């Protein structure tokens, strides 16, 4: 395509060829510019889905043209924002806990560690681990009641 465009441009601009250089050099210069134009054009344009994608789309619909399965519901932006705000407040409440207490809570509730693994990681007994988890839950409950649910 670019070569054809080059030849068309050369024929259209034939009067502009002054003869100060070789014809091949002049055509090569036009070709370089046409290649750059083609690259720019390709970066601006996105290809449309071809016919080969049709089977993929057809599988989504039944014979009558209705959805085989209902599309999943879109996320509610307000709920998403509220969830982000809640987790920010939870993180703030966690930062107020003693480090070992916060670590025990996150390891158990967020990472899903078993009590034995938490004990090994933090160097505490199982009884102490349960106390840390209880204190973390109570402190987080109080903090969230004051700063989130009571707002």
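The values are calculated or read from the model by the stated rules, or taken from the named source; none is laboratory data. Quick caveat: nothing in here was measured; it's all calculated off a predicted structure. With ideal geometry, Cβ positions are generated from the backbone for all residues, glycine too; neighbour counts draw on all protein chains shown.
Please enumerate the residues belonging to the range 69-102 that are more than 20 Å from the chain's Cα centre (by Cα), surrounded by 10 or more Cβ atoms within 10 Å (Cβ to Cβ) and either assigned to a loop (DSSP other than H, G, I, E, B) or outside the structural domain of residue 112 (by TED's automatic domain parsing) (or both).
Within the range 69-102, 96, 97, 98 meet the criteria.
Can you name the number of the only condition in (1) surrounded by fewer than 10 Cβ atoms within 10 Å (Cβ to Cβ); (2) within 30 Å of the chain's Cα centre (by Cα) that residue 150 fails?
It fails just one condition, (2).
Regarding residue 137, is this residue under 30 Å from residue 16 (Cα atoms) and either touching a residue at least 12 places away in the same chain (Cβ under 8 Å) or out of contact with any helix residue (DSSP H, G or I) (no Cβ under 6 Å at 6 or more places or on another chain) (or both)? Give the steps one after another, and end with the answer.
On the way: under 30 Å from residue 16 (Cα atoms): no; either touching a residue at least 12 places away in the same chain (Cβ under 8 Å) or out of contact with any helix residue (DSSP H, G or I) (no Cβ under 6 Å at 6 or more places or on another chain) (or both): yes.
Taking the combined requirement at face value, the residue does not satisfy it.
Residue by residue through the range 103-145, note down the ones that are under 27 Å from residue 82 (Cβ atoms), under 34 Å from the mean Cα position of the chain (by Cα) and surrounded by fewer than 17 Cβ atoms within 10 Å (Cβ to Cβ).
Residues satisfying the conditions are 106, 109, 110, 111, 112, 137, 141, 144, 145.
Filter the range 40-55 down to residues that are exposed (fewer than 10 other Cβ atoms within 10 Å of the Cβ) and at pLDDT 75 or above and give me whichever is nearest to residue 3 (Cα to Cα).
41
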